[in-house]
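Here the structure is laid out as structure tokens; the discussion comes afterwards.
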Amino acid sequence: MDILALFLFDPVVTRVFAATLSIILLVGGWQKLREPEVFAAAIENYRVLPEVLVHPFARLLPVLELAAGITLLFPASCEWGGLIAAAVMLAVTGAVVINLWRGQREIDCGCGGMSSQPLSWALVARNAVLLLLTWPASQQGASRSLFVGDYV
């Protein structure tokens, strides 16, 4: 096994990636649930879904984010969390890419949180990194005994 694989699948590293993604997904999902009409308007601005699907999707996506965030926290369910997180990241990043190709950059990303963020290729790059992290985060990690330094 090469050094990169040993690093990526170390149980501490997989749990750190999972916890990082979990925080991002839980905060984003919570923010979207707190302001459902604002999030639905953001989805509508993307113009990638038929109008009849905008509100159901606006309710479903934050629930999926929360489910991914919770299931990533536990080694027994992290595979499911990684799959859900990857699906969420692919869907939202796909919508961003479609609108960037259309020249629509002034749309608020709808990511959640207090600030408005317009669409950009930097947002796509950030999401691509998060998407890549779902793979090691969805692994339980190599079997090895943890020592005190791991907990620090």
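We did not get these values from a lab; they are worked out from the coordinates using the rules stated. Keep in mind that this is a model prediction, so the values were computed, not measured. When we count neighbours, we look across all protein chains shown, and the Cβ atoms used for this are built from the backbone with ideal geometry, even at glycine.
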Q: Quickly rank 22-34, 38-50 as a protection proxy: mean count of other C-beta atoms within 10 Å, highest first.
A: 22-34, 38-50
Q: Over region 47-112, consider all pairs of different Cα atoms and compute the Kirkwood hydrodynamic radius from their mean reciprocal separation; express it in Å, one decimal.
A: 13.1
